[in-house]
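The values are calculated or read from the model by the stated rules, or taken from the named source; none is laboratory data. Because the structure is predicted, anything quoted here is derived from the model rather than measured. In this analysis, Cβ positions are derived from the backbone assuming ideal geometry, glycine residues included, and neighbour counts consider all displayed protein chains. These area figures cover heavy atoms from the full protein model, side chains too; ligands, DNA and RNA do not enter into them. Shrake-Rupley method; radii C 1.70, N 1.55, O 1.52, S 1.80 Å.
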Amino acid sequence: MNLLARINARTLPLIVTSLLFVALFAFGSVSYDSFFSAQVFLNLFIDNAFVIVVAIGMTFVILTGGIDLSVGSIVALTTMVTAALVEQHHWSIWAVIPLVLLMGCAFGVMMGVLIQYFELQPFIVTLGGMFLARGLCYVISIDSISITDPSYAAVSEYRIMFGEEAFLSISAVIALVTLAIGIFLAQYTRFGRTVYAIGGNERSAILMGLPVARTKILVYTLSGFCSALGGVLVTFYMLSGYGLHALGLEMDAIASAVIGGTLLTGGVGYLAGTLVGVLILGVIQSLIAFDGSLSSWWTRIAIGVLLCLFCLMQRFFEHGGSKLSALFSYWNKPEEEGSAGSGAQPAR
Amino acid sequence: MKPDTFRNLIRNPLFWPCVTLTLLCAVNFYFNRGFFDIEIKDGHLYGSVIDILNRAAPLMLIAMGMTLVIATRGIDISVGATVAIAGAVAAAMIGGSLVIKDGVQTYVSNVPMPLAIAGALGVALLCGLWNGLLVAGAGMQPIVATLILMVAGRGIAQLITEGQIVTVYYEPFFFFGNGFLFGIPFSLYIVAVVLIILLLLIHRTALGLFIEAVGVNPVASRFSGIQARTLVFSVYAFCAVTAGIAALIITSNVKSADANNAGLLMELDAILAVALGGTSLAGGRFHMIGTLIGALIIQTLTYAIYSLGVPPEINMVVKALVVFGVCVIQSPALREILAKHAFRTREVA
């Protein structure tokens, strides 16, 4: 009974998403030989480690009601800078990684300041950041630079064994540790509560005296950091730097968050849901790879269909089950803002 | 009252877009004295300006549709995918094969061209109806609703082209993207027709007012008797149709349909054009002419980068810096500071 009572509009998407993941995995296990193994499951973490890390940063941004389109290109820029410094300037891995992480943070701070203090749209600012980071990649080199440094290869090949056969890569462990830190930040710190408060209603958050400006800039910084960390994981995974790495990753990250139950209006969502969202995208790719006869573009169509189903489901449940009002809530929402005095203002 | 005139000018929403475009043209003229030259070759107008206008045509079309969507507080990030789908349909339906007719080799289309055009536009309209259904019918946030088609759209386009680049061999189809009518590129006539229809609808009917009303306050607009949902529904449909027309021009221009790259990042360029044109992404007031200027700014910038001999790789960096620059210039925060210093008067918000 206690368990049932905890199922509400906020946790239901998470539960449905998890059930869907189990169902997809079960479908794969029944349909294909050797799909049901610990390694296939762990491979989801290994192959999607960088997506998990990037999606964590994205989830924080979305929780504040913002969006970060620059994550994919910051990943690419990180791989490019790493490859250039390691290969052409022979820097040590221990000097390069802190540097690129700092660079990601700097990118995030810059965009956060533009969004907060110049009151610019997150969409436009991070779009500019996307162009800038992608463009800087091509300034370094338009070709792919492969990383031959032995320490990168060592990290890449190291296996953390679980029992006889199953293993995780270092990247996957880094991703899981990042996730744990992210969950701690979101659920158990003042920063996390402020993030949720800003997403719920920024005006109220300001009136409550919460440090809104600082938190918003921190959130974009965190996303920049996660993108750079994701980029480091990509260098371990791909052992190369390339301006076309992680093309469209921002959309995968947003899709993972949405499938995981995060509302793009902000204020509602769990990082655990985002993890399951990434795993679902991963399991779809595994299913298509195991099938062999389906073409790769079915992945995109499947993700689109899933997105659609989950969004429709959220529409019906986000207002505590009152289905009729849920249908009209998009049009009713500004009314609440209007009474607070912002909705009725003309744009200029 | 000179300061007043100046202040009015500076507060005109078209002021900053025009200044940006003029500056860009000046930069182009400085480095390339022949920038404004237009000559007549074979009865066609040739010149840098004509080239920029011609190449900006697809972006102008999509940006016009996007302006209306944004004016209703929405956004459509699926236009790039719609371009890919419509382009794939057009190319697949026309295709073209070599036949020998009366001893002469000619290319014929798979289906009559009007049918193919109707097919492509029809599919684009379907995409728009789908978006409209999700936004106005199911009440999803516009960015999520159109994200669905954006993610799935290129997959669908690849399904149509079966993962190949479909080449078009049918001569009359190339007229859209490369043809000239009375010396002027044909694509510009398409832009002009769409623009005139839009301006008539916006200024001669109450439609423009309705759209702005929905953008400013959807609930109030509904209470005042505007069919807000129908309006939003049709705005998404219209935006997708402009993307379909743009797809015809693009497909005809490159004579092929590439499901992966056709219209790539087009949605972002279109939104950028709208923002550069002075329309707030928060909805409400919109400026159709400003949007056209915004699209021209983007194309002129690209042209400047190429003509300056800057490596094309840096194109994106420059574009990013321009985005930041223009956004900061247009930001209310900076304007307030400037207004305080320039006129020593406090603006009443």
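Within segment B:253-260, one or more residues are of a type outside the set (A, V, I, L, M), more than 12 Å from every other protein chain (Cβ to nearest Cβ), touching a strand residue (DSSP E or B) at 6+ places or on another chain (Cβ under 9 Å) and buried (at least 19 other Cβ atoms within 10 Å of the Cβ).
From the list B:L264, B:L181, B:L198, exactly one residue is out of contact with any Pro (no Cβ under 7 Å at 6 or more places or on another chain), aliphatic (A, V, I, L, M) and within 13 Å of another protein chain (Cβ to nearest Cβ). Which is it? Just a single option satisfies the conditions, and that option is B:L264. Taking segment B:17-57 as the range and being closer than 19 Å to B:S331 by Cα and in contact with a helix residue (DSSP H, G or I) (Cβ under 6 Å, 6 or more places away or on another chain) as the test, the residues that pass are B:P17, B:T20, B:L21. The single condition from (1) open to solvent by 10 Å² or more (accessible area, probe 1.4 Å); (2) modelled with pLDDT of 90 or more that B:M66 fails is (1). For segment B:296-336, the candidate set comprises residues that are outside any helix (DSSP H, G or I) and free of Cβ contacts under 8 Å to residues at least 24 places away in the same chain; within that set, the residue that is farthest from the other protein chains (Cβ to nearest Cβ) is B:G309. Taking A:E250 as the residue in question, decide whether it is open to solvent by 10 Å² or more (accessible area, probe 1.4 Å), of a type in the set (D, E) and within 19 Å of A:V53 (Cβ to Cβ). In short, yes. Considering only residues in segment B:261-287 that are assigned to a helix (DSSP H, G or I) and of a type in the set (V, I, T), the one that is surrounded by the most Cβ atoms within 10 Å (Cβ to Cβ) turns out to be B:V274.
Within the set A:L77, A:L63, the sole residue that is crowded, with 17+ Cβ neighbours inside 10 Å, closer than 22 Å to A:V212 by Cα and either aliphatic (A, V, I, L, M) or in contact (Cβ under 8 Å) with a residue 60 or more places away in the chain (or both) turns out to be A:L63. I'd like to know if segment A:285-294 contains one or more residues that are acidic (D, E), more than 9 Å from chain B (Cβ to nearest Cβ) and either outside any loop (DSSP other than H, G, I, E, B) or surrounded by 21 or more Cβ atoms within 10 Å (Cβ to Cβ) (or both). Yes. Only one entry in B:I117, B:I202, B:I211, B:I226 is over 15 Å from B:S78 (Cα atoms), touching a residue at least 12 places away in the same chain (Cβ under 8 Å) and not in a helix (DSSP H, G or I), namely B:I226. Residues that are away from every other protein chain (no Cβ under 11 Å) and open to solvent by less than 10 Å² (accessible area, probe 1.4 Å) do not occur anywhere in segment A:116-131. Scanning segment B:1-28 for residues that are outside any helix (DSSP H, G or I) and either open to solvent by 80 Å² or more (accessible area, probe 1.4 Å) or farther than 22 Å from B:T291 by Cβ (or both) returns a single hit, B:M1.
Residue count for segment B:29-58 satisfying the condition of being open to solvent by less than 10 Å² (accessible area, probe 1.4 Å) and closer than 30 Å to A:I67 by Cα: 2.
Working only within segment B:199-223, note down all residues that are among the hydroxyl-bearing types (S, T, Y) and in contact with a helix residue (DSSP H, G or I) (Cβ under 7 Å, 6 or more places away or on another chain). Give the derivation first.
So the first thing to find is which residues in segment B:199-223 are among the hydroxyl-bearing types (S, T, Y), and the list is B:205, B:221.
Scanning segment B:199-223 gives a single hit, B:S221.
Could you grab me the full set of residues in segment A:118-140 that are polar (S, T, N, Q) and at pLDDT below 85? Within segment A:118-140, A:Q121 is the sole residue that qualifies. Report whether or not B:E162 is acidic (D, E), closer than 21 Å to B:V254 by Cα, open to solvent by 10 Å² or more (accessible area, probe 1.4 Å) and touching a residue at least 12 places away in the same chain (Cβ under 8 Å). Here the answer is no, as B:E162 does not meet what is asked.
May I ask you to list the residues in segment A:111-127 that are free of Cβ contacts under 8 Å to residues at least 24 places away in the same chain and either of a type in the set (D, E) or more than 20 Å from B:L147 (Cβ to Cβ) (or both)? Within segment A:111-127, A:L114, A:F118, A:E119, A:L120 meet the criteria. Checking segment B:200-210 against the condition returns a match, with at least one residue being more than 30 Å from B:R154 (Cα to Cα) and open to solvent by less than 10 Å² (accessible area, probe 1.4 Å). Kindly indicate whether A:F328 is at pLDDT below 85 and under 23 Å from B:R222 (Cβ atoms). So A:F328 fits the description; yes.
Yes/no per residue for (1) within 13 Å of chain B (Cβ to nearest Cβ); (2) not in a helix (DSSP H, G or I):
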site: A:A213; (1), (2): yes, no
site: A:I217; (1), (2): no, no
site: A:L233; (1), (2): no, no
site: A:L244; (1), (2): yes, yes
site: A:E250; (1), (2): yes, no
site: A:A255; (1), (2): yes, no
site: A:G282; (1), (2): no, no
site: A:T299; (1), (2): yes, no
site: A:C308; (1), (2): yes, no
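Condition check for A:R159 on (1) over 30 Å from A:G267 (Cβ atoms); (2) surrounded by 13 or more Cβ atoms within 10 Å (Cβ to Cβ); (3) more than 14 Å from chain B (Cβ to nearest Cβ): one failure, at (2).
Going through (1) under 21 Å from the mean Cα position of the chain (by Cα); (2) more than 10 Å from chain A (Cβ to nearest Cβ); (3) at pLDDT below 80; (4) closer than 25 Å to B:A213 by Cα one by one, B:V348 falls short only on (1).
With the checklist (1) touching a residue at least 40 places away in the same chain (Cβ under 8 Å); (2) surrounded by 19 or more Cβ atoms within 10 Å (Cβ to Cβ); (3) in a helix (DSSP H, G or I) in hand, flag the one item B:S221 doesn't pass. It is condition (1) that B:S221 fails.
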